[in-house]
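The values are calculated or read from the model by the stated rules, or taken from the named source; none is laboratory data. Source: prediction; values computed, not measured. Ideal geometry is used to build each Cβ from the backbone, glycine not excepted, and the neighbour counts take in all protein chains shown.
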């Protein structure tokens with residue numbers, strides 16, 4: 001078979017491909033990356049004392065419960081008293097999703113600040129906090145701004161770049177092994193692809209080491225270059241650290257088993273252990289990310305592993321096809337290679353679409369989560385880009401079925417170049433998704449932020465604590481507690497309450513209250529619509545002493 005005349009390396013195409021990829025990545029970075037970093041993966045779902053509570057006596061400990069198992073950052077879980085001094089005593093303890101903070105006895109009266117920085121199950125830091133009061137609220141209570149170390153968006157960007165580096169190395173190794181093992185023409189020199197495979201293996205190892213080093217200051221809230229031994233030990237002991245250490249071990253073992261495979265002389269005794277190691281290695285990606293913290297972790301880990309493999313096979317194969325096979329293989333060789341590659345691409349795309357659908361159902365869960373969260377926006381971007389690539393892949397498959405494609409592969413090279421450029425951006429989106437709280441977490445955080453509602457108001461006669469749960473549209477359970485200015489329970493003779501929403505034309509509606517104790521009454525408040533509702537309380541403490549207060553409750 002004569003060599004095709006159209007076999008020169010597509011220099012012009014490579015330049016255009018590079019320009020397109022850079023432009024797409026720049027657009028992606030400009031539009032999506034500067035968005036405000038999300039604040040949580042694990043979500044604080046309850047606490048004792050409750051957020052904003054006013055207690056008659058000081059508690060012996062603070063209990064926190066999160067939406068998933070968490071670990072503590074050293075010296076970042078603390079309680080500050082009204083005097084600004086540490087009120088916690090001894091070491092805080094975490095037990096799965098629960099955290100206990102022991103307190104010093106006989107603390108002063110006033111407002112206390114609970115501040116925490118914990119690590120969620122998927123390895124991401126979660127800062128936060130709230131206040132409660134003993135006796136009565138302080139005039140100048142401590143605030144989170146005084147102590148909180150927010151999640152650094154630069155650190156998030158660095159972690160995303162490291163993830164992208166790991167993905168890039170994986171697709172190069174998978175593509176090289178796949179092509180050299182089953183598609184490489186005997187007459188062509190294997191050495192350039194072999195060298196590239198070793199580079200890819202080194203890139204994966206480098207990304208794993210960098211991820212461990214960067215995770216230490218990222219978790220602790222320090223500068224990216226401020227790596228301490230304590231922080232690093234905590235990272236290595238975490239699930240994320242274990243996953244990356246396993247990955248490094250798998251890479252070391254693969255380095256001994258790859259040479260015969262890359263040289264084309266591998267037997268079953270070489271391939272089987274390498275395949276088992278590769279399975280373990282691929283599993284470290286979901287084991288060090290969101291899937292371990294999903295509502296169905298076993299399913300999520302398996303599905304995410306299939307997603308990673310599908311993307312590596314597809315993108316790695318495209319890269320090898322564009323850079324090595326299309327420019328170098330002759331007509332006869334392409335006639336044998338392209339149909340095989342086309343079948344592989346169909347299977348890889350099917351794995352990506354099926355696993356991606358399951359991932360969206362688990363991590364997003366609702367249409368609202370898809371449309372209103374940053375994670376959902378990234379998923380929609382990824383779906384749109386994937387649709388473009390699937391269309392290009394479908395056209396490329398049709399081209400491989402035409403006899404003239406082997407003699408004039410220029411059109412196929414252009415289509416493959418488009419696939420490769422867009423899938424590179426998809427890979428970048430996937431890296432950012434790995435650093436973005438899933439929509440289920442972001443939605444839970446928003447719900448937690450909007451309710452339950454708790455506030456305290458003070459008059460010359462009493463201090464009134466009002467609690468509303470869940471603090472949303474529909475039926476809400478309301479509790480009211482009265483205290484003396486000294487912080488002791490205030491007996492109440494008569495309770496009255498009403499609600500109004502002037503902006504929506506809702507006139508005052510009476511809320512019946514039931515007296516549960518001398519200073520405690522409860523009732524049910526039905527909010528038919530969202531808005532800034534005004535709750536008015538009339539509290540009579542004696543035959544002649546009475547005062548009214550108004551509380552604004554945001555309902556969403």
Every residue in segment 211-230 that is under 18 Å from residue 244 (Cα atoms) and within 21 Å of the chain's Cα centre (by Cα), please. 211, 212, 213, 214, 215, 216, 217, 218, 219
Odd one out for residue 475, checked against (1) more than 21 Å from residue 52 (Cα to Cα); (2) without any contact (Cβ under 8 Å) to a residue 60 or more places away in the chain; (3) surrounded by 14 or more Cβ atoms within 10 Å (Cβ to Cβ): (3)
Name the residue that is surrounded by the fewest Cβ atoms within 10 Å (Cβ to Cβ), counting only residues in segment 523-556 that are part of a loop (DSSP other than H, G, I, E, B) and in contact (Cβ under 8 Å) with a residue 12 or more places away in the chain. 543
Does segment 373-382 hold any residues that are in a helix (DSSP H, G or I) and either in contact (Cβ under 8 Å) with a residue 40 or more places away in the chain or not assigned by TED's automatic domain parsing to the domain that holds residue 436 (or both), and which are they? 374, 375, 376, 377, 378, 379, 381, 382
So residue 213, is it over 30 Å from residue 487 (Cα atoms) and without any contact (Cβ under 8 Å) to a residue 24 or more places away in the chain: yes
If you go through segment 351-371 one residue at a time, how many are part of a helix (DSSP H, G or I) and touching a residue at least 40 places away in the same chain (Cβ under 8 Å)? 12
Of (1) under 23 Å from residue 390 (Cα atoms); (2) surrounded by fewer than 21 Cβ atoms within 10 Å (Cβ to Cβ), residue 332 fails just (1)
Looking for whichever is over 24 Å from residue 126 (Cα atoms), in contact with a helix residue (DSSP H, G or I) (Cβ under 8 Å, 6 or more places away or on another chain) and surrounded by fewer than 18 Cβ atoms within 10 Å (Cβ to Cβ) here; the options are 206, 258. Which one fits? 206
Please determine whether any residue of segment 233-247 is crowded, with 21+ Cβ neighbours inside 10 Å, at pLDDT below 85 and within 27 Å of the chain's Cα centre (by Cα). yes
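Conditions (1) in contact with a helix residue (DSSP H, G or I) (Cβ under 7 Å, 6 or more places away or on another chain); (2) on the phi > 0 side of the Ramachandran plot; (3) at pLDDT below 85, marked per residue:
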residue	(1), (2), (3)
504	no, no, yes
520	no, no, no
531	yes, yes, yes
539	no, no, no
543	no, no, no
